[in-house]
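One structure is given here, and the rest of the page talks about it.
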Amino acid sequence: MWDKREGPERALTRTGPGERSLAMKFQVENMTCGGCARSVAATIRQIDPAAEVTADPATGLVEVASARVTVEAARAALDAAGFPMVAGGR
């Protein structure tokens with residue numbers, strides 16, 4: 001089971017012939033409503049318009065499946081948009 005204190009969770013999956021998608025799960029701060037969740041998803045889709053994004057404002061949990069979005073790119077984009085990732089650590 002994923003523990004948010006461990007930071008973003010990542011898994012490499014195949015999405016089709018020859019394609020690989022990085023699936024990641026992380027929490028963000030300041031996502032308090034549906035509008036915020038849509039903004040988070042739109043921010044990720046600026047990196048990869050084909051990204052599958054699920055954002056839950058009740059938990060702050062964001063799940064992304066994309067062939068182009070990296071954790072580092074997502075972190076930078078979300079920080080700039082005002083939705084920083086919850087810091088991981090042990």
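The values are calculated or read from the model by the stated rules, or taken from the named source; none is laboratory data. The structure displayed is predicted, hence computed values, not measured ones. Ideal geometry is used to build each Cβ from the backbone, glycine not excepted, and the neighbour counts take in all protein chains shown.
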When the residues of segment 9-55 are narrowed to those that are of a type in the set (D, E) and over 15 Å from L78 (Cα atoms), which ends up modelled with the lowest pLDDT? E19
Looking only at segment 18-54, which residues are free of Cβ contacts under 8 Å to residues at least 40 places away in the same chain and assigned to a helix (DSSP H, G or I)? G34, G35, A37, R38, A41, A42, I44, R45, Q46, I47
